[in-house]
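Report on one structure; see the data block that follows.
Taken together, the values in this text are just the output of simple stated rules run on the coordinates, not laboratory data. Just so we're clear, the structure is a prediction, and the values are computed from it rather than from any experiment. Neighbour counts are summed over all protein chains in view; Cβ atoms, including those assigned to glycine, are modelled from backbone coordinates with ideal geometry.
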Amino acid sequence: MKRRLCALAALLSVGGAETVQAAALRVMALDQCADQFVLALAPEADIALSPRADDPDAWMREAAKGRRQVRPTLEAATGFQPDVAVRYWGGDARLLGVLDRRGVRTVGIDDATDMDGVKANIRKVAAALDRRDRGEALIRRMEARLAHASSAGRGRAAVYVTASGFTTGPGSLMDAILRSAGFRNGVKRPGYQPLGLERVLLTPPALYVKGFFDLARSDWRGAGRHPVMRRATAEHTAASLPGAALTCPAWFAADAAALLAEQAK
């Protein structure tokens, strides 16, 4: 009798564990930006990441190592059967349409041009994953990093330049990063645009903030790596920010501002 009761208890225990496992949230990230949000907000969920989750320009690349990675295709989604799909730019119209018809909740990460937009992204994805507390913790961490960065620039003008030779003016997240670190953007025209070697020679800015130069394969023949640009920035670079901090409208935009503040003199 005692053996039968023990066996029954064991069966119930296994059945309960299987029920919990079956109920685990299944989350599919459709691009590298989505990977970052999913890894930060729901690492214990059953996750399928994109093939770029552990690339050098991924902020959460260490956390992505050893995780399942699948292409954002209909075939992969059919095999994985997610409850929630997270995307910034990934997934084609066919895939998104099928996910919608199957009742999969798809949450989109929005372009953000300021830190409030980043916070809205965090709250949006955290709500979809039922991880609101974790989202608020990320936002508190953001705010602490921004407070640390706020006065470093002392109102000085700085111009952002990428390895490809592009810059950006007002109305971009990079502009918000500069301002969060206490700098003024030396580019007045809105939007992303070529910096131009002629402009660098004729009207050189006082300071540069470089981005993506740490990635050896990032535009290795781009205008930002031209000898003229190298000479111009050699003694006038306030900071060189890692590409991984600049690839996504996510909480690590605040880390980029803090890194800029720490490097600036």
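When only Cα pairs under 8 Å and 6 or more residues apart are kept, what is the percent relative contact order across the chain?
Worked out over the chain, it gives 18 percent.
Would you look at the GNM of the chain, springs on alpha carbons closer than 10 Å, and say which of LEU96, LEU30, LEU178 moves the most?
Residue with maximal mean-square fluctuation among LEU96, LEU30, LEU178: LEU96.
Could you grab the relative contact order for region 143-216? Cα pairs under 8 Å, six or more apart, rounded to a whole percent.
The normalised contact order for region 143-216 reaches 39 percent.
Mind listing P(r) for the chain? All alpha-carbon pairs, 5 Å bins, whole percents.
Bins of 5 Å from zero give 1, 6, 12, 14, 15, 13, 11, 9, 6, 4, 3, 2, 1, 1, 1, 1, 0, 0, 0 percent of pairs.
With n ≥ 4 as the cut-off for DSSP H runs, can you work out [θ] at 222 nm for the chain, using -39500 (n - 2.57) per run divided by the number of residues, rounded to the nearest 500?
-13000 deg cm²/dmol
At q = 0.22 Å⁻¹, what is the base-10 log of I(q)/I(0) for region 150-263 according to the Debye formula with one equal point scatterer per Cα and no solvent? Please give it to two decimals.
-1.30
Is region 72-183 best put as rounded, prolate or oblate by its Cα gyration tensor, with a ≥ b ≥ c the root eigenvalues, rounded for a/c under 1.5, and otherwise prolate when a/b is larger than b/c, oblate when not?
It is oblate, given that a/c is not under 1.5 and a/b is not larger than b/c.
For an R0 of 35 angstrom, estimate the FRET efficiency from the Cβ-Cβ distance between ARG134 and TYR192 and round to the nearest 0.05.
0.65
GNM, the chain, Cα, under 10 Å: largest mean-square fluctuation among ARG87, ARG145, ARG199?
ARG199
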